Amino acid sequence: MIPLKELLTAVPQTGTVQWMGVRPAARAEMIIVNAVEARREAGLTGDHTRPSPRNARQVTLIQWEHLAVVSALIGRSLEPQDLRRNIAVTGINLFSLKNRRFQIGQAIFETTGWCQPCARLEERLGPGTFQAMRGHGGITARILSGGIIRVGDTVSVIDD
């Protein structure tokens, strides 16, 4: 039997960026992008995130596969921009990135926490959205080293 610690540290999967978007202002519509610059001091170019290397929410990521789950739970189809995350990733479990550094395109990130649903989702998408998003909201990350990231780029764990 493989020890639990070994199972938790091994992440053989790699992911793929399926979709990206930025929010130019707090309540503005998402702008869908095919490429974006990740900047250590300022988050993603064009996103309203507060500039700071200490900002734990510079970038938000959501599991592409969870869009279908949340859609099923609220009884209507959702697009990634409806959930207002920056990057939708397929092929790797985002929760496996907990306490890790990972690379997307040229940029290096570290996971800073879980991205909890906010009350505004309920206002925008209707009753039940908040509960449907619980456990499916994705992760927050900080940029450690900047660079360009594109739709189709690989998401992979950086071994310490």
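The values are calculated or read from the model by the stated rules, or taken from the named source; none is laboratory data. Source: prediction; values computed, not measured. Cβ: placed from backbone, ideal geometry, glycine included. Neighbour counts: every protein chain shown. For the accessible areas, the whole protein counts, side chains as well, though only heavy atoms, and no ligand, DNA or RNA atoms are used. Shrake-Rupley method; radii C 1.70, N 1.55, O 1.52, S 1.80 Å.
Going residue by residue through region 108-125, is there one that turns out to be under 19 Å from R142 (Cβ atoms) and acidic (D, E)? Scanning region 108-125, I find at least one residue that is under 19 Å from R142 (Cβ atoms) and acidic (D, E), so the answer is yes.
Could you list, in sequence order, the residues of region 65-97 that are within 22 Å of L8 (Cα to Cα) and either free of Cβ contacts under 8 Å to residues at least 40 places away in the same chain or among the aromatic types (F, W, Y) (or both)? Break it down stepwise before answering.
Going residue by residue through region 65-97, those that are within 22 Å of L8 (Cα to Cα) are 65-66, 89-97.
If the condition is that a residue be within 22 Å of L8 (Cα to Cα) and either free of Cβ contacts under 8 Å to residues at least 40 places away in the same chain or among the aromatic types (F, W, Y) (or both), then E65, F95 are the ones that fit.
The set of residues in region 149-160 being open to solvent by 50 Å² or more (accessible area, probe 1.4 Å) and either in a strand (DSSP E or B) or of a type in the set (F, W, Y) (or both) consists of R150, T154.
On the basis of being open to solvent by 50 Å² or more (accessible area, probe 1.4 Å), more than 25 Å from E123 (Cβ to Cβ) and either in contact (Cβ under 8 Å) with a residue 40 or more places away in the chain or of a type in the set (G, A, S) (or both), does R39 make the cut?
Working: open to solvent by 50 Å² or more (accessible area, probe 1.4 Å): yes; more than 25 Å from E123 (Cβ to Cβ): yes; either in contact (Cβ under 8 Å) with a residue 40 or more places away in the chain or of a type in the set (G, A, S) (or both): yes.
When the stated conditions are applied, R39 passes them.
Does region 83-99 contain at least one residue that is over 14 Å from the mean Cα position of the chain (by Cα), within 20 Å of I31 (Cα to Cα) and open to solvent by less than 70 Å² (accessible area, probe 1.4 Å)?
Restricting attention to region 83-99, the residues satisfying the condition of being over 14 Å from the mean Cα position of the chain (by Cα) are 99.
Those still in the list that are within 20 Å of I31 (Cα to Cα) too: none.
Checked against the condition, which is being over 14 Å from the mean Cα position of the chain (by Cα), within 20 Å of I31 (Cα to Cα) and open to solvent by less than 70 Å² (accessible area, probe 1.4 Å), region 83-99 yields no hits at all.
The residue of region 69-82 that is farthest from L44 (Cα to Cα), among those that are of a type in the set (A, V, I, L, M, F, W, C) and either open to solvent by less than 70 Å² (accessible area, probe 1.4 Å) or in contact with a Ser or Thr (Cβ under 7 Å, 6 or more places away or on another chain) (or both), is I74. Assessment of region 120-138 against the conditions (over 15 Å from T14 (Cβ atoms), surrounded by 18 or more Cβ atoms within 10 Å (Cβ to Cβ) and modelled with pLDDT of 95 or more) yields no matching residue. Note on region 107-132: among residues that are outside any helix (DSSP H, G or I) and in contact with a Ser or Thr (Cβ under 8 Å, 6 or more places away or on another chain), the one that is nearest to A35 (Cα to Cα) is A107. Just so you know, in region 16-31 the residues that are farther than 22 Å from A56 by Cα and under 14 Å from the mean Cα position of the chain (by Cα) include one that is most open to solvent (accessible area, probe 1.4 Å), and it is Q18. Quick check on region 9-25: of everything there that is within 11 Å of D47 (Cβ to Cβ) and not β-branched (V, I, T), which residue is modelled with the lowest pLDDT? The selected residue is A25.
The set of residues in region 102-118 being open to solvent by 70 Å² or more (accessible area, probe 1.4 Å) and modelled with pLDDT under 85 consists of Q116 alone.
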